[in-house]
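Here it is, the structure in full.
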Amino acid sequence: EVFQQSSKAVCHYFNGTERVRLLEKHIYNRQLYVHYDSDVGYFVADSPVGESTARYWNSQPEMLEYRRSAVDTYCRHNYEVSTPFLVRRQ
């Protein structure tokens, strides 16, 4: 049998960087089991398997602080770096 673990982080931008949302998904065997949403501010379980993981990750203040700061260090930073290449110059 093959087991697969994957994670995916997606940034959503509203009106440039005025409002930014980070959504980080954790998937095991093609099933979303836990995710982090910067609008909520903590990990949320999406399946019974993810309940203990979300509880454990939410009990770690350093991990939550890192995720909360990722909106600036990851999303806003990449927006500023990428925008000149992705937006047409007028």
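Coordinate-derived values only; no laboratory data. Just so we're clear, the structure is a prediction, and the values are computed from it rather than from any experiment. Glycine gets a Cβ as well: all are built from the backbone with ideal geometry, and neighbour counts include every protein chain shown.
Near the amide H of D46, under 5 Å away, which other amide H atoms are found, from residues 5 or more places off or on another chain, if H is placed in the peptide plane?
Amide H neighbours of D46: V34, H35.
If the convex hull of the alpha-carbon atoms of the chain is projected onto planes in all directions, what is the mean projected area in square nanometres?
Spelled out: convex hull of the Cα atoms, projected over all directions, averaged, 7.5 nm².
What distance in nm lies between label points placed 7 Å from Cα along the C-beta direction at S52 and K25?
Result: 2.5 nm between the two label points.
Tell me the mean residue ellipticity at 222 nm calculated for the chain from its helices only (DSSP H runs of n ≥ 4, each -39500 (n - 2.57), averaged over every residue, nearest 500).
About -10000 deg cm²/dmol.
Between 0 and 90 degrees, rounded to the nearest ten: what's the tilt of helix 77-86 against the longest Cα principal axis of the chain?
With both axes taken from Cα atoms, the answer is about 50 degrees.
Along Cα→Cβ, 7 Å out, is where each label goes; now give me the distance between the ones at Q4 and Y42 in nm to one decimal.
Label at Q4, label at Y42, 3.2 nm between them.
List, in order, the whole-Hz ³J(HN,Hα) value for each residue of the stretch 65-76 obtained from phi through the Karplus relation with A = 6.51, B = -1.76, C = 1.60 and θ = phi - 60°; use x for Gly and Pro.
Karplus-based 3J(HN,Hα) across the stretch 65-76 equals 5, 4, 5, 5, 6, 5, 4, 7, 6, 9, 5, 5 Hz.
Calculate the FRET efficiency for T17 and E65 from the Cβ-Cβ distance with a Förster distance of 22 Å, rounded to the nearest 0.05.
That gives a FRET efficiency of 0.60.
Of the GluC sites (Glu not before Pro) in the stretch 12-90, which ones lie in a loop per DSSP and count no more than 15 other C-beta atoms within 10 Å?
Within the stretch 12-90, the qualifying GluC sites (Glu not before Pro) (loop, at most 15 other Cβ atoms within 10 Å) are E18.
So, one more: Compute the relative contact order of the chain as a whole-number percentage, counting only Cα pairs closer than 8 Å that sit 6 or more residues apart in sequence.
20 percent
Moving to a separate point now. So if a site counts as exposed when it's one of the trypsin sites (Lys or Arg not before Pro), its DSSP state isn't H, G, I, E or B, and it has at most 10 other Cβ atoms within 10 Å, what's the longest stretch of the chain without one?
The longest uninterrupted stretch comes out as 31-87.
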